[in-house]
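Novice: My structure is below; once you've seen it, I'll send some questions.
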Amino acid sequence: MFIRAFIFGAVLLFANVSQAQTATPAPTASPSLEQRVADLEAYVNNSARGADSENAKTASNISGSGPGHNGWMMTASALVLFMTLPGLALFYGGLVRQKNVLSVLAQCLGIAGLVAILWWAVGYSLVFSRGSPIIGGFKFAFLRGVDAQPNGDYSYWVSQNVFAMYQLMFAIITPALIIGAVAERIRFAAVLVFVGVWMFVVYFPLAHMVWGIDGWMNGVWNPRAKITAIDFAGGTVVHMSSGWSALVLCALLGPRLGFRKEIMAPHSMVLCMVGAGMLWVGWYGFNAGSALGADGVAANAFMTTTLATAVASFTWAMLEYTLRGKASVLGFCSGAVGGLVVAFLTGLLATAHVNANLSGTAATQNGLVKFVGRVLWFEQLKAIAITILLAVVATAIIGALVKTFIGLRIAPEIERQGLDINEHGEEGYITA
């Protein structure tokens, strides 16, 4: 009875949230033929229509989201989730020993569910609502007012609910990336507690500082940004924050029992390769989707993603072939996954020709336009330093607290027997 009442109440709450509308006065005057044509041009160019400007007196006949841009962003959202479930789960799952494969899958699933709930409750609001340069406010708590109308702070043609779901997929994969560094020896409960706290202390503030409309380090969109760095697709927010946090958490846990004494080869290179292939496919949503529209910026990102991943994968394997006489599947997979965006190089290679937003209004007001092609690398270094400092210090503190109160590492006898049967009561393979 209690469970039924809880589900019924949750359905009512979601229904009320989905029906909430943003109370903003709308222009009432009908557009002229010239304005209607201009709106169509704005849609094709993924730019603002006349009615999107402040104090606009003329309405738009295209008042909501654009179907093409919205359709691409829904596809991109699914692709980014595909990177975690099942891409990352299979990639990491294939690399561990047979007795621990389900533990990796369970950790990825647990993180996805937990982060989605936190995102719905306050995460999206803390990252993408206006607040302070460090953290957002609670305007969008419980996704209040997040409906099919675009949020002009971030996109003129993508529904805010689609934008929120797209950003949720980034929030899911970021802590999931940490799992690879602590696999086969961390408690499932410790993963959930650590990730829950880490999201509030590291991810939400960092994402707001870099991507929030009034974020401290949002050089592209915040005209008052103090650090005019750029992060097109998560170089700092996703990859660096998770990478440095993984390194610290790995140090806190220590190596696996028998490390460098026993053979710990991946139990299934087939799963590893399938997962790596899914990550490659999902990256198109990750990178090209970050343009927030089906435009020329997305097209450039799509091509770059293909070439960067292909070159990295091929180069790694050919180096193996040259040095060892064999090109391994693990080498191909490692190279492909290693073909990520490097935040520092963005400062050296970014141009307004590739991304016109680097010479937009906000970039002109905060000085970013003067740095592009000259000393933007220095602004990138500032953002990198802040990201590393936040991730390292916060992870060390959170990890120490979790270790003290509930324990980080499983008991030695459980580690020897395997996490699957002891932590989840299941086995990945039935061999009898």
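Novice: Given the criteria part of a helix (DSSP H, G or I) and closer than 28 Å to residue 53 by Cβ, does residue 116 qualify? Lay out the reasoning, then the answer.
Specialist: Numbers: part of a helix (DSSP H, G or I): yes; closer than 28 Å to residue 53 by Cβ: no.
Taking the combined requirement at face value, the residue does not satisfy it.
Novice: For residue 320, all conditions in the list (1) touching a Gly at 6+ places or on another chain (Cβ under 8 Å); (2) farther than 26 Å from residue 285 by Cβ; (3) modelled with pLDDT under 90 hold save one; what is the number of the exception?
Specialist: With (1) touching a Gly at 6+ places or on another chain (Cβ under 8 Å); (2) farther than 26 Å from residue 285 by Cβ; (3) modelled with pLDDT under 90 applied to residue 320, the lone miss is (3).
Novice: Moving to a separate point now. If I ask for residues that are out of contact with any Gly (no Cβ under 7 Å at 6 or more places or on another chain), part of a helix (DSSP H, G or I) and closer than 17 Å to residue 75 by Cα, which ones from region 146-199 would you list?
Specialist: Selection gives 160, 161, 162, 163, 164, 165, 167, 168, 169, 172, 173.
Novice: Let me ask something additional. Name every residue in region 279-335 that is of a type in the set (S, T, N, Q) and in a helix (DSSP H, G or I), in order of residue number.
Specialist: Just the residues of region 279-335 that are of a type in the set (S, T, N, Q), to begin with: 287, 290, 300, 304-306, 309, 313, 315, 322, 328, 334.
Answer for region 279-335, where residues must be of a type in the set (S, T, N, Q) and in a helix (DSSP H, G or I): 287, 290, 300, 304, 305, 306, 309, 313, 315, 322, 334.
Novice: Pairs needed: first member in region 263-284, closer than 14 Å to residue 81 by Cβ; second member anywhere, part of a loop (DSSP other than H, G, I, E, B) and at pLDDT 95 or above; C-beta distance under 6 Å; at least 6 residues apart or different chains.
Specialist: Partner pairs satisfying both residue conditions: none exist.
Novice: Among 76, 106, 89, which is under 28 Å from residue 155 (Cα atoms) and not aromatic (Phe, Trp, Tyr)?
Specialist: Only one candidate qualifies: 76.
Novice: Next question. Select from region 43-55 the residues that are in contact with a strand residue (DSSP E or B) (Cβ under 9 Å, 6 or more places away or on another chain) and in a loop (DSSP other than H, G, I, E, B) and list them in ascending order. Let's see the steps before the verdict.
Specialist: Keep residues of region 43-55 that are in contact with a strand residue (DSSP E or B) (Cβ under 9 Å, 6 or more places away or on another chain), which gives 50-52.
If the condition is that a residue be in contact with a strand residue (DSSP E or B) (Cβ under 9 Å, 6 or more places away or on another chain) and in a loop (DSSP other than H, G, I, E, B), then no residue fits.
Novice: Considering only region 35-70, state which residues are within 28 Å of the chain's Cα centre (by Cα) and without any contact (Cβ under 8 Å) to a residue 24 or more places away in the chain.
Specialist: 44, 67
Novice: Please count how many residues of region 313-339 are of a type in the set (Gly, Ala, Ser), within 18 Å of residue 88 (Cα to Cα) and surrounded by 16 or more Cβ atoms within 10 Å (Cβ to Cβ). Break it down stepwise before answering.
Specialist: Initially, region 313-339 is screened for residues of a type in the set (Gly, Ala, Ser), giving 313, 317, 325, 327-328, 331, 334-336, 338-339.
Cutting the leftovers down to within 18 Å of residue 88 (Cα to Cα) gives us 313, 331, 334-336, 338-339.
Still in the running and surrounded by 16 or more Cβ atoms within 10 Å (Cβ to Cβ): 313, 331, 334-336, 339.
Adding up the residues that qualify gives 6.
Novice: Does any residue of region 217-225 turn out to be modelled with pLDDT under 95 and of a type in the set (S, T, N, Q)?
Specialist: Yes: region 217-225 contains one or more residues that are modelled with pLDDT under 95 and of a type in the set (S, T, N, Q).
Novice: Give 258, 275, 234 a once-over and let me know the one that is surrounded by fewer than 23 Cβ atoms within 10 Å (Cβ to Cβ) and either modelled with pLDDT under 95 or out of contact with any Ser or Thr (no Cβ under 9 Å at 6 or more places or on another chain) (or both).
Specialist: Details: 275 fails: surrounded by fewer than 23 Cβ atoms within 10 Å (Cβ to Cβ); 234 fails: surrounded by fewer than 23 Cβ atoms within 10 Å (Cβ to Cβ).
Result: 258 is the single residue among 258, 275, 234 that is surrounded by fewer than 23 Cβ atoms within 10 Å (Cβ to Cβ) and either modelled with pLDDT under 95 or out of contact with any Ser or Thr (no Cβ under 9 Å at 6 or more places or on another chain) (or both).
Novice: Every residue in region 137-166 that is among the polar types (S, T, N, Q) and either surrounded by fewer than 22 Cβ atoms within 10 Å (Cβ to Cβ) or touching an Asp or Glu at 6+ places or on another chain (Cβ under 9 Å) (or both), please. Even if it seems obvious, please write down each step before you answer.
Specialist: Within region 137-166, the subset among the polar types (S, T, N, Q) is 149, 151, 155, 159-161.
Hits for region 137-166 are 149, 151, 159, 160, 161.
Novice: Then there is this: Please enumerate the residues belonging to region 223-278 that are within 25 Å of the chain's Cα centre (by Cα) and in a loop (DSSP other than H, G, I, E, B).
Specialist: Selection gives 223, 224, 225, 226, 227, 228, 229, 230, 231, 232, 233, 234.
Novice: Would you point out which residue out of 276, 294 is in the same structural domain as residue 89 (by TED's automatic domain parsing) and more than 30 Å from residue 415 (Cβ to Cβ)? Talk me through it step by step, then tell me what you get.
Specialist: Details: 276 fails: more than 30 Å from residue 415 (Cβ to Cβ).
Being in the same structural domain as residue 89 (by TED's automatic domain parsing) and more than 30 Å from residue 415 (Cβ to Cβ) holds for just one of 276, 294, which is 294.
Novice: Write out, first by first residue and then by second, each pair whose Cβ atoms fall under 8 Å of each other, whose residues are 6+ apart or on separate chains, and whose first residue, in region 177-201, is outside the structural domain of residue 111 (by TED's automatic domain parsing) while the second is modelled with pLDDT of 95 or more and assigned to a helix (DSSP H, G or I).
Specialist: Within 8 Å, no pair qualifies.
The values are calculated or read from the model by the stated rules, or taken from the named source; none is laboratory data. In this text, all values refer to a predicted model and were calculated from it rather than measured experimentally. Positions of Cβ are backbone-derived with ideal geometry, glycine not excepted, and every protein chain shown enters the neighbour counts.
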